Amino acid sequence: MNQLAARVKQITPSITLGIAAKAKQMKTQGIDIYNLSSGEPDFDTPQHIKNSAILALQEGKTKYGPVSGELALKEALVNKLKEDNGLDYTPDNIIVTNGGKHSLFNLMLALIESGDEVIIPAPYWLSYPEMVRLAKGIPVIVETKAETNYKITPEQLLKAITPKTKLFILNSPSNPTGAVYTYQELKKLAEIIIKYDIWIVSDEIYEKILYSKTKHISIGALGKDILRKTIISNGFSKSYAMTGWRLGYLAGPSNLIKAVSTVQSHSTSNVCTFAQYGAIAALKEKESSACVQEMLNAFTNRRNSVLKRVASIPQISCPIPMGAFYVFIDISQISKNSIQFSNDLLEKYQVAVIPGQAFGNDDCIRVSYAADLISIKKGMDRIEEFINTL
Ligand code: PLP
């Protein structure tokens, strides 16, 4: 195995996928598992979205298509970005990809050169630093605190910028913390980005999963100067329960999108043609809004249930998540090693969670409430039992 490329030795396999696989394996062995590790809604894709893809398949939409996506989908995305986010784009500003992960990976390949620094606030979605490393960039991790709801402050961003800074990765609503940046917070960050002329990629994949009247604001909507430096990364997995469809997109300046398209033309080519017709149906507000709301109502109940339980266990705490479907729970009073904690919890109490270390914070664990309410309730019972043994 010595012949493997050096680049694979610099990255670690996804811990989240690893834990999920272990939990699934235990389940197939007949072990009663409560899986609170998954970043995947437990709902099925809404029927009208499936119907649209089935129709496209029957109509013979089974051929290669344009690398950057079907024009009808890109037009629907232009419309969505205007209506939902207040962003002015044309189809030239958009590329359809095989999921948000693929969007970001393509972007790193198109933008990052050897030695470029990429600022990533921690806790972060675990693929960001690895993607940067694969593109030969240098992840610059900025640790945020529970006191600021794990949001990077303008002072922290300023301090992290050097002449080598190329890109800043912002994720709001956040995985793993559920933090959502406000207009004022984004405004201050945008001023710094403009002043130092760096790029920002705004990962907005959880934009529709919001609680307590929280609003999602896309940083690119704050003005022409910031829009010029912004790339929006988004996808269909979380908002429409379409994880397996592998559908995402990037929106940004047309020359950058063209470069991403060139990268994609030599790797995956276009996204599955008939799947893109499912995406077009998902973007039809009239048909989709009730399904999205139904999922959101379920997430809201689950979130309330988890938060109540966290509040009732004195040794742990978490900021209140305003978006996405995760709580990032501080376990530092009872454990100094989140991987050990999560492994013991899975092996001894059959509850799967993700150790915070995967997200760059070893004081915490991530509990996902994209699971059914019974799993959440029983899982939290077991977490409490486990904590009481420590
Ligand atoms: N960005 C964030 C913050 C995520 O949590 C995920 C999935 O977990 C993605 C991007 C990528 O999602 P997908 O590739 O399914 O579109």
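Here are the numbers for this structure:
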{"quantity": "Count of residues meeting criterion [farther than 16 Å from VAL310 by Cα, in contact (Cβ under 8 Å) with a residue 40 or more places away in the chain and surrounded by fewer than 24 Cβ atoms within 10 Å (Cβ to Cβ)] in the range 359-377", "calculated": "3"}
{"quantity": "Pairs with Cβ under 9 Å, 6+ apart, first in the range 127-146 and touching a residue at least 40 places away in the same chain (Cβ under 8 Å) and within 13 Å of LEU111 (Cα to Cα), second β-branched (Val, Ile, Thr) and surrounded by fewer than 17 Cβ atoms within 10 Å (Cβ to Cβ)", "calculated": "ARG133/ILE11; LEU134/VAL8; LEU134/ILE11"}
{"quantity": "Those strands (runs of 3 or more DSSP E) lying entirely in the range 88-200 with at least 3 residues touching a helix residue (DSSP H, G or I) at 6+ places or on another chain (Cβ under 6 Å)", "calculated": "94-97, 117-122, 138-143"}
{"quantity": "Criterion (within 17 Å of the chain's Cα centre (by Cα), more than 30 Å from ILE383 (Cα to Cα) and buried (at least 19 other Cβ atoms within 10 Å of the Cβ)) met by exactly one of SER233, SER237", "calculated": "SER233"}
{"quantity": "Matching residues in the range 306-341 - criterion: being exposed (fewer than 15 other Cβ atoms within 10 Å of the Cβ), modelled with pLDDT of 95 or more and in a helix (DSSP H, G or I)", "calculated": "LYS308, ALA311, SER312"}
{"quantity": "Of residues in the range 1-43 being under 18 Å from the mean Cα position of the chain (by Cα) and of a type in the set (Gly, Ala, Ser), the one nearest to LYS238 (Cα to Cα)", "calculated": "GLY39"}
{"quantity": "Options PHE274, PHE299; residue that is aromatic (Phe, Trp, Tyr) and over 19 Å from the mean Cα position of the chain (by Cα)", "calculated": "PHE274"}
{"quantity": "Some residue of the range 73-89 being under 18 Å from PRO253 (Cα atoms) and aromatic (Phe, Trp, Tyr)", "calculated": "yes"}
{"quantity": "Only one of GLY30, GLY60, GLY69, GLY39 that is at positive phi, assigned to a loop (DSSP other than H, G, I, E, B), within 16 Å of the ligand (Cβ to nearest atom) and out of contact with any Cys (no Cβ under 6 Å at 6 or more places or on another chain)", "calculated": "GLY69"}
{"quantity": "Inter-residue pairs, beta-carbon under 8 Å, first within 18 Å of VAL271 (Cα to Cα) and in the range 98-121, second among the charged types (D, E, K, R), 6+ apart", "calculated": "ASN98/ARG246; GLY99/ARG246; GLY100/ASP203; HIS102/ARG246; LEU104/ASP203"}
{"quantity": "The range 227-254, subset among the charged types (D, E, K, R) and within 13 Å of the ligand (Cβ to nearest atom), residue nearest to ASP92 (Cα to Cα)", "calculated": "ARG246"}
{"quantity": "Residue tally, condition within 20 Å of ALA259 (Cα to Cα), touching a strand residue (DSSP E or B) at 6+ places or on another chain (Cβ under 7 Å) and not small (Gly, Ala, Ser), over the range 102-127", "calculated": "9"}
{"quantity": "Meets criteria (surrounded by fewer than 20 Cβ atoms within 10 Å (Cβ to Cβ), of a type in the set (A, V, I, L, M, F, W, C) and away from the ligand (no atom under 15 Å from the Cβ)) for LEU87", "calculated": "yes"}
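Okay, residues lined up against (1) surrounded by 24 or more Cβ atoms within 10 Å (Cβ to Cβ); (2) among the charged types (D, E, K, R); (3) more than 16 Å from the ligand (Cβ to nearest atom):
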position: PHE168; (1), (2), (3): yes, no, no
position: ASN175; (1), (2), (3): yes, no, no
position: LYS187; (1), (2), (3): no, yes, yes
position: TYR196; (1), (2), (3): no, no, yes
position: LYS208; (1), (2), (3): no, yes, no
position: LEU256; (1), (2), (3): no, no, yes
position: HIS266; (1), (2), (3): no, no, yes
position: ASN270; (1), (2), (3): no, no, yes
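The values are calculated or read from the model by the stated rules, or taken from the named source; none is laboratory data. Note that the coordinates shown come from a computational prediction; the quantities given were computed from them, not determined experimentally. No Cβ is skipped: glycine too gets one built from the backbone with ideal geometry, and neighbour counts run over all protein chains shown.
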